[in-house]
Amino acid sequence: MVIEHLVETAGLTKRYGEQLALYGVDLAVRRGEVYGFLGPNGAGKTTTLRILLGLVKPTAGRVRVLDAGPGNPAALARIGMLVESAAFYPYLSGRDNLRAFARYCRVPDAKADEVLEIVGLSDRAGDRFSAYSLGMKQRLGLAAALLKEPELLILDEPTNGLDPQGMADMRVLIRQLGCGNRTVLLSSHLLGEVQQVCDRVGMINEGRLVREGTVDELRGGSMLTVRAEPLGQARVLAERMFGADRVSVHENELRLSAEEDDAVRINRELVLAGVAVRALIWVERSLEEIFFEVTEQTGRELTKEGA
């Protein structure tokens, strides 16, 4: 039987004494996707990943990873992981480090050269690990995670500390690794990174999963910015056409949640009504904008609960 969801949690909760690190997290990662686990530092991302790997016990809730409990040896054999930074022998070469890992994982030494090629380190495989740049060290950690040909690849902040070129290279590599039957669960606080490489995103804040969906679903489609005078008359007309819930005002501009044909309609109706239209601009909402909206809303709700 093919498992549709490789990772599932229901009501996942974790307390450290009086501190509530996770509360009621319902997570579902599908086979063959790159799933972005997005949240600020301290939101609960790493705690969740450690629970999935059996490194931390949950306080409450249900957890299934590859149709088994967290930490199950048979399931772990099918998981590759890079949680925080990988540890290697500084005096050994990249190739020899991977061969040591390969023997521990009971895979052939030749697999080391194969994964070095995948992550683009073949030409530096003979260099000592201590001579590697931070980006190369992250790539070697990713290579180690690939040694077992895992079904599920769990990456915790894989671009931390990398320069812009290193981040761009890592994004391309992660996107390539998420093809076919391999599933990637990527934890990050970098919104641009998640937006560019992930199929679906789960947003976590204050230990709560506050939103989940595809990038397009979370962004809510396109926004049409209308610059017109008088603005009040333009707003009344737009609300009449599209409904008040699809119209808002930002810095003396109208914003409409609109489709492609709506630009022609609103322009025609405004001109016929004597409203001067200065500009119609399509705006793609960023994941960053959505995330800040969601986290602010979560903060207000938690404040109300505390009161």
Could you tell me which numbered condition Ser122 fails, if it satisfies all but one of (1) touching a residue at least 24 places away in the same chain (Cβ under 8 Å); (2) touching a Leu at 6+ places or on another chain (Cβ under 7 Å); (3) among the hydroxyl-bearing types (Ser, Thr, Tyr)? (1)
Filtering segment 180-202 for residues that are assigned to a strand (DSSP E or B) and at pLDDT below 90 leaves a count of 1
Could you say which residue among Arg139, Arg171, Arg211, Arg175 is assigned to a helix (DSSP H, G or I) and under 22 Å from Leu27 (Cβ atoms)? Arg175
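Taking Val63, is it crowded, with 22+ Cβ neighbours inside 10 Å, touching a residue at least 24 places away in the same chain (Cβ under 8 Å) and assigned by TED's automatic domain parsing to the domain that holds His189?
Details: crowded, with 22+ Cβ neighbours inside 10 Å: yes; touching a residue at least 24 places away in the same chain (Cβ under 8 Å): yes; assigned by TED's automatic domain parsing to the domain that holds His189: yes.
Considered against the rule, which asks whether it is crowded, with 22+ Cβ neighbours inside 10 Å, touching a residue at least 24 places away in the same chain (Cβ under 8 Å) and assigned by TED's automatic domain parsing to the domain that holds His189, Val63 comes out as yes.
To keep it simple, each residue is scored yes or no on (1) charged (D, E, K, R); (2) in contact (Cβ under 8 Å) with a residue 12 or more places away in the chain.
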{"site": "Leu6", "(1), (2)": "no, yes"}
{"site": "Leu20", "(1), (2)": "no, yes"}
{"site": "Pro40", "(1), (2)": "no, yes"}
{"site": "Thr47", "(1), (2)": "no, yes"}
{"site": "Leu53", "(1), (2)": "no, yes"}
{"site": "Lys57", "(1), (2)": "yes, no"}
{"site": "Ala77", "(1), (2)": "no, yes"}
{"site": "Leu92", "(1), (2)": "no, yes"}
{"site": "Arg95", "(1), (2)": "yes, yes"}
Matching strands (runs of 3 or more DSSP E) fully within segment 1-93 where at least 1 residues are at positive phi and not hydroxyl-bearing (Ser, Thr, Tyr): 5-16, 19-30, 60-65
Name the residue, out of Arg99, Arg103, Arg15, that is more than 24 Å from Leu142 (Cβ to Cβ) and over 22 Å from the mean Cα position of the chain (by Cα). Arg15
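The values are calculated or read from the model by the stated rules, or taken from the named source; none is laboratory data. Every value quoted in this text rests on a predicted model; they were computed, and no experiment measured them. Cβ atoms come from the backbone with ideal geometry, glycine included; neighbour counts cover every protein chain shown.
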